[in-house]
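Derivation of every value follows stated rules applied to the coordinates shown; laboratory data play no part. None of the values given here were measured: they were computed from a predicted structure. With ideal geometry, Cβ positions are generated from the backbone for all residues, glycine too; neighbour counts draw on all protein chains shown.
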Amino acid sequence: MENEKINVVLVNLISEDYLTRFQAPLAVNVLAAYFRAKCSNIPIQVLDMQQIFESLCADSQSVQFDFNQTVKTVIDEVSKIALNGRTIVGLSIKWTTQDIARTIIEKVNEQCASAKPLFVIGNIGVTHGYRELLQKKPFDNVLAVIGEGEEALVSIAQRVEKCTADINNLSLYKDIANVAINLNGKINIAMLKRIDLQSYPNTAMIKPTEIYDKEWDVHALETSRGCPWGKCTFCSVKKQFGDSQSQNSWHWCSFPLSKILSDIKNYALQGVRNFDLKDSEFFGPMRSAEEFNSSILRVEEFAKGLIVINEELRTAEDVPSKTISVTHVSARVDTIFRSGSDEAEKNKKRKNAYILLKSAGLRRVYLGIEAGSQSQLRRFCKGVTVEENKRAIEILRELGLEIEVGFIFFDYLATLEDLQQNIDFIEQTGIHETDSRILGSLRIQKGSPYVAMAKVAGILLDEDQSQLSYNARFRSPEVEAIERIFSKWENATRKLSKLLPSYLRIASYKMDFNFVKEIIKCFATGSLASLPDKIKKHVAKRKEFLKQIRLDAATGLFGKNMPKLLWESLSFAENENDNLIEEFCPMGVIKREYPAERRRSNERQIHCV
């Protein structure tokens with residue numbers, strides 16, 4: 001058996017909850033590229049469920065049918081591969097994809113009873129939930145990869161290569177770093193280890209189509225991993241990485257600039273022009289003098305490298321003359337501005353770094369503002385002030401850079417005063433007029449410090465394993481009532497907004513803001529009797545908005561054929577909007593009810609900025 005053919009297939013899982021995201025399957029394709037560089041003799045392929053789903057959408061009458069067919073296609077394809085030699089199947093488990101992974105494992109094992117593949121699960125869903133997963137069937141007989149999975153997959157494949165018996169004997173893999181297994185009912189994990197990014201192979205072998213992010217029409221890359229701050233109470237970044245021999249191993253680490261620029265240049269020569277840097281935080285550590293100077297120098301060298309590439313593209317005869325741009329980086333506020341007289345010189349260097357980045361092609365910055373209330377910022381342990389948030393926004397706008405804002409409007413410990421301060425901040429900064437969802441509710445992430453905070457406050461409820469989060473009740477009954485009303489309002493257009501052109505999405509976000517602003521005012525002034533009329537007024541406005549979208553679609557504004565997903569999302573929005581009025585009444589709206597389970601399907605990606 002040692003010489004028998006070995007196959008590796010990685011599956012990028014999706015769920016019905018997130019079909020509107022169209023994100024690049026970056027993780028599985030980076031993993032595959034690393035594997036090819038280290039194990040060139042073992043074939044590896046990627047199955048992207050999102051791509052399969054989209055290819056099926058033109059031929060049926062319902063999104064549900066298309067999704068079911070997508071799952072079936074993956075099962076059939078994996079089974080076909082598994083029956084053609086010893087096979088390792090990697091499943092990339094994210095939010096709400098556990099059930100999809102379970103179905104694939106069970107059905108493939110049924111179809112390949114005589115040649116069961118070795119299943120390996122990974123990504124964020126496993127990193128934060130492996131202990132619970134490995135104790136449930138069929139996950140009790142798989143390998144779980146924690147944190148970065150590149151070296152773990154290589155080591156697993158090398159063990160399979162040498163295996164002369166059953167590759168599903170999990171004890172064969174018990175000493176591999178970052179691999180957890182269920183051995184006789186006990187979870188075994190040897191150690192956690194970070195990848196050495198400084199010796200990471202170039203990713204130019206990944207095809208441009210494999211890193212294409214349809215949602216934003218960009219190509220996704222990463223220049224670093226981890227977070228230089230790591231203290232935000234809503235974030236679980238510290239649990240995503242680790243090394244049993246180092247307490248600070250979760251810290252921010254960068255790839256070599258030579259590799260990053262080489263990859264960008266290679267993609268540019270293949271026609272790629274718009275890049276999205278998917279780092280949790282782009283700049284790196286900025287607090288100590290040594291860290292500050294090192295991070296600023298790295299950013300400047302990166303920008304200068306892009307300028308050189310762009311100049312080469314301008315003069316090259318055999319490639320399109322259009323230069324490259326960076327459409328998105330994620331940044332902390334303190335990479336732009338910090339208060340204090342001793343920060344004046346550093347603030348100049350910060351601003352100059354952004355000026356240089358803009359000249360190199362930077363277009364948009366994702367800024368982790370999170371709140372306009374100082375008490376919320378302290379609760380979130382952001383390490384910045386409301387005034388620093390405002391000044392950072394002002395500076396980016398002065399420089400002509402677009403902004404996308406990370407904001408957590410509702411959190412479970414919030415007060416009515418926090419919400420009012422958030423409203424004031426949003427109006428003062430105008431961030432409700434950006435293409436950003438800023439009125440979401442906190443999802444208490446598994447592994448985040450907020451779990452302990454909620455537990456101490458006595459508001460923590462049960463765990464929602466599919467969302468890698470905890471349910472909770474709000475400490476303030478007024479905030480709970482406002483959040484309940486707004487969540488019902490926003491839910492009507494959550495999926496639809498993701499499918500609209502930017503100008504319509506912003507119009508929808510502005511309606512959301514005006515709605516929640518008026519609801520908060522009713523509670524703050526004690527005028528709850530006027531609440532039904534306020535709701536009716538906003539429902540009527542949104543009804544006209546949705547009617548115009550349908551008319552524009554029918555007249556061809558969205559192309560000849562409106563995708564099924566968009567049609568279904570629009571119909572859902574219309575129905576939910578019509579039903580909203582009867583959901584609430586003057587007494588029922590403030591009735592304090594805490595369901596046993598409060599699902600927070602928050603689609604905003606949490607950046608650790």
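Membrane-span-like helices of the chain, defined as complete DSSP H segments with a Cα extent of 30 Å or more along the helix axis and a mean Kyte hydropathy of at least 0.0, are identified as 502-524.
As a length-normalised measure over Cα pairs under 8 Å and 6 or more apart, the relative contact order of the chain settles at 12 percent. Taking the alpha carbon gyration tensor of the stretch 280-423, multiplying each eigenvalue by 5 and rooting it gives semi-axes of 33, 18, 12 Å, largest first. Work out the charge dipole of the stretch 1-109 with +1 on the Cβ of Lys and Arg and -1 on the Cβ of Asp and Glu about the Cα centre, then indicate which of Trp95, Cys57, Asn68 is farthest towards its positive end. Most positive-ward Cα: Trp95.
Where both bridge residues fall in the stretch 194-362, DSSP classifies roughly 40% of the beta bridges as antiparallel. This model, with +1 at the C-beta of Lys and Arg and -1 at the C-beta of Asp and Glu, gives the chain a dipole about its Cα centre of some 520 debye. With Cα atoms as the point set, the radius of gyration and Dmax of the stretch 94-175 evaluate to 12.7, 37 Å.
When the chain is described by a simple charge dipole with +1 on each Lys and Arg Cβ and -1 on each Asp and Glu Cβ, the residue from Pro532, Leu419, Ile549 located farthest towards its positive end is Leu419. Within the shell defined by Cβ-Cβ distances under 11 Å, the residues around Pro285 carry a net charge of -1, with Lys and Arg each +1 and Asp and Glu each -1. Across every direction, the projection of the convex hull enclosing the Cα atoms of the stretch 194-362 has a mean area of 11.1 nm². Multiplying the residue separation of Leu269 and Lys80 by 0.36 nm and subtracting their alpha-carbon distance yields 64.4 nm.
Computed on the Cα trace of the stretch 133-269, the radius of gyration divided by the Kirkwood hydrodynamic radius gives Rg/Rh = 1.02. Remark: the stretch 6-189 is approximated by an ellipsoid whose semi-axes, taken from the C-alpha gyration tensor as √(5λ), come to 26, 17, 16 Å, largest first. Gain on full extension, evaluated as 0.36 nm per residue between Asp217 and Thr73 minus their Cα-Cα distance, stands at 49.2 nm. Percent of Cα pairs in the stretch 33-139 per distance bin of 5 Å, from zero to the largest separation: 2, 11, 20, 21, 20, 17, 7, 2, 0.
On a per residue basis, the convex hull of the C-alpha atoms belonging to the chain measures out at 165 Å³. Within the stretch 6-189, antiparallel bridges make up roughly 25 percent of the DSSP beta bridges whose residues both belong there. Given 5 Å bins starting at zero, what is the percent of C-alpha pairs of the stretch 380-537 in each, up to the one with the largest pair distance? Histogramming the stretch 380-537 at 5 Å steps yields 1, 8, 16, 19, 19, 17, 13, 6, 1, 0 percent. Note on the stretch 433-473: Cα Rg divided by 2.2 N^0.38 Å, N the number of residues, gives 1.35. In this entry, the stretch 498-551 is assigned a mean projected area of 3.9 nm², taken as a quarter of its C-alpha convex hull surface.
P(r) tail, the stretch 478-594: Cα-Cα pairs separated by more than 20 Å, 42% of all pairs.
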